[in-house]
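*Asks:* Sending over a structure as structure tokens; questions will come in a sec.
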Amino acid sequence: MEVQDRGTMKWVSLMLPEHVEMSKGVFVERKNRPILDEQKMVEIDRNLKYALKHQVHVEITYYEDGDYLTIHGRLIKIEQLRGYIVLWNESGSKVALRKMIDVKII
């Protein structure tokens, strides 16, 4: 005869509702870094070069610490040897090329 464990259900009934709400913020699910295929990498490269040449604004999605982050700005330069790009926005951001997931022209 197998015993069916109720998992966390048996402990939740002993907790106050306020504690249950607070504990939901503690356990955050981390996302995996996506593996980009060659077609996607070519698209990112093409969009970066277009944005640099025509000085248009871009929206860059990148992977950082288990989450996908998005940043907006105008591309100032691409540092291929150092592996990052520089954006002109309110914070003067640098984004590593290896962390990029998507680049969209706005």
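*Asks:* What does the C-alpha gyration tensor say about the overall shape of the stretch 38-105? Classify as rounded when a/c is under 1.5, otherwise prolate if a/b is larger than b/c, or oblate.
*Replies:* Rounded, because the longest to shortest axis ratio a/c is under 1.5.
*Asks:* Run the reach check for residue 99 against lysines, Cα to Cα strictly under 24 Å, same-chain hits fewer than 8 apart removed. What comes back?
*Replies:* In chain and number order, the partners are 31, 40, 49, 53, 77.
*Asks:* Still on this structure, please answer the following. Relative contact order of the stretch 38-105, please, whole-number percent, based on alpha carbon pairs below 8 angstrom and at least 6 residues apart.
*Replies:* The normalised contact order for the stretch 38-105 reaches 33 percent.
*Asks:* Also: Using Cα centres only, tell me the gap between the stretch 78-105 and the stretch 48-63 in whole Å.
*Replies:* First find each Cα centre; the distance between them is then 8 Å.
Read-outs: derived from the displayed coordinates by stated rules, not from any lab. A quick note: this is a predicted structure, and the numbers were derived from the prediction, not measured.
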